[in-house]
Amino acid sequence: MIKVIIISKNENLGSLEYLLKLFESFEIFLISPKAIDSKYNQTNLTKINDSEILNFDKLKRNLKLEKFGWYYQQFLKYQSVLILEGEDFLIIDGDTILSSSFAKRNTLFTTGHKTVEKYSNLHKTLFPEHSLHGKSFITNQMVFNKKTLKKMIFDIEKNSKKKWIYALSDLVKNDPDKAFSEYQVYAEYVLNQKRNISINKISVFRRMDLINDSVENAIKKYDILAYEPHHRTIFVHILRAKLYYFIGRGIG
């Protein structure tokens, strides 16, 4: 059975409460800076401080990477899959709410938006022989297969002659036209390895923090909800969010 990993910067977010209810029949790992102090204590929940998976301070000193915290969260997802017991893991961003229907093997979800060019540039450097799907798979969640991820990591290290984290870090440090997305790289890799992959188009609304409505109502309109109060917010952003929500158009 697929296991669930929730990666969060805040171990007590309200969105976690919804996820724990929606995935109550799954084994769940909460990985955050102070996970063991989380107020959530469900019997199916294992709480792990993120530095037990990947040491934040040591890696920051070694990489000297701009936007380190952002990239750390992405590296952490791969590392979690690599070291936790299990074969298939649904990883969910902690600020996100979605249903258990996303826990599907051999399935990718896309917004249908075009891939950001910087992500494609990085992938072409990692795997120049790959053909790219061209659509974005950055939807705050993904099912990772450990065997496939290990093969991808092996190929990155074989091609770069570096440990995978350093290979990815060096690419984004040395070229402003490249950027790394843990979801996009893995999805494109999977599509180049397997033929029996379903691709489902979904709707995502990333600024629920700007909307005064219940999760129960919002999830009827969108497949994935995300709360992103840390993002820049000006009047035009609020206006756009409210308009898009009213007409049922996605953001993200």
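Coordinate-derived values only; no laboratory data. The shown structure was predicted, so the numbers you read here are calculated from the model rather than taken from an experiment. Cβ atoms come from the backbone with ideal geometry, glycine included; neighbour counts cover every protein chain shown.
Starting from the exponent 0.38 and prefactor 2.2 Å, build the expected Rg for the range 67-159 from its residue count and divide its actual Cα Rg by it.
The value comes to 1.13.
Excluding residues on the same chain fewer than 8 positions from LYS34, give the aspartates and glutamates whose Cα lies under 17 Å from its Cα.
GLU11, GLU17, ASP50, GLU52, ASP57, ASP93, ASP95
Among [x] 17.0, 51; [y] 18.8, 62; [z] 17.9, 51, only one was calculated for this model; which label is it, if the read-out is Rg and Dmax of the Cα atoms in Å?
[z]
How far is it, in nm, from the label point at LYS150 to the one at ASN212 when both lie 7 Å from their Cα along the line to the Cβ?
Inter-label distance under the simple model: 5.3 nm.
Can you compute log10 of I(q)/I(0) for the range 12-132 with the Debye formula, treating each Cα as one identical point scatterer, at q = 0.23 Å⁻¹?
Computed log10 I(q)/I(0) values: -1.45.
Using a Gaussian network model of the chain with C-alpha springs under 10 Å, which one of ILE165, ILE156, ILE83 is most mobile by mean-square fluctuation?
ILE83
Can you tell me how much longer the chain between SER51 and ASP175 gets when fully stretched, taken as 0.36 nm per residue apart minus their C-alpha distance, in nm with one decimal?
41.8 nm
Going by the alpha-carbon gyration tensor, a ≥ b ≥ c the square roots of its eigenvalues, is the range 60-99 rounded (a/c under 1.5) or, if a/c is not under 1.5, prolate (a/b greater than b/c) versus oblate? Display every interim value, and only then the final one.
On the way: a/c = 4.64, a/b = 1.49, b/c = 3.12.
It is oblate, given that a/c is not under 1.5 and a/b is not larger than b/c.
On the first, second and third principal axes, largest extent first, how far apart are the outermost C-alpha atoms of the range 204-247 in Å?
Sorted from largest, the Cα extents of the range 204-247 read 27, 21, 16 Å.
Give me ILE28, ILE238 ranked fewest to most by other Cβ atoms within 10 Å of their Cβ, as a rough exposure proxy. Walk me through the numbers on the way to the answer.
Numbers: ILE28 21, ILE238 13.
Exposure proxy ranking, most exposed first: ILE238, ILE28.
Taking the alpha-carbon distance from LYS158 and a cut-off under 17 Å, which aspartates and glutamates remain once sequence neighbours fewer than 8 residues away in the same chain are dropped?
List returned: GLU129, ASP170.
For the range 166-252, what number results from the quotient of the Cα radius of gyration and 2.2 N^0.38 Å? Intermediate results must be reported in sequence, preceding the final value.
Details: Rg = 17.1 Å, N = 87, 2.2 N^0.38 = 12.0 Å.
It is 1.42.
Which of THR107, THR43, THR148, THR115 comes first, and how do the rest follow, when ranked by fewest Cβ neighbours within 10 Å?
Details: THR107 14, THR43 5, THR148 17, THR115 20.
Going from sparsest to densest Cβ surroundings: THR43, THR107, THR148, THR115.
Holding the Cα-Cα limit at 27 Å, pick out from LYS47/LYS178; LYS3/LYS194; LYS3/LYS173; LYS58/LYS146; LYS21/LYS147 the pairs that are longer than that.
Working: LYS47/LYS178 34 Å; LYS3/LYS194 22 Å; LYS3/LYS173 33 Å; LYS58/LYS146 25 Å; LYS21/LYS147 29 Å.
Distance filter (> 27 Å) returns LYS47/LYS178; LYS3/LYS173; LYS21/LYS147.
In what order do HIS133, HIS113, HIS123 fall by count of nearby beta-carbon atoms within 10 Å, going from fewest to most? Before the final figure, lay out each step's value.
Details: HIS133 19, HIS113 14, HIS123 22.
Starting with the residue having the fewest Cβ neighbours, the order is HIS113, HIS133, HIS123.
What residues from the range 189-211 fall in the zone where the backbone N is under 18 Å from a label point 7 Å along the Cα-to-C-beta line of ASN106?
189-201
How much mean residue ellipticity at 222 nm does the chain get from its helices, if each DSSP H run of length 4 or more adds -39500 (n - 2.57) and you divide by all residues, to the nearest 500 deg cm²/dmol? It would help to have the intermediate numbers written out before the result.
Values: 10 runs with 105 residues, N = 252.
Helix-only estimate at 222 nm: -12500 deg cm²/dmol.
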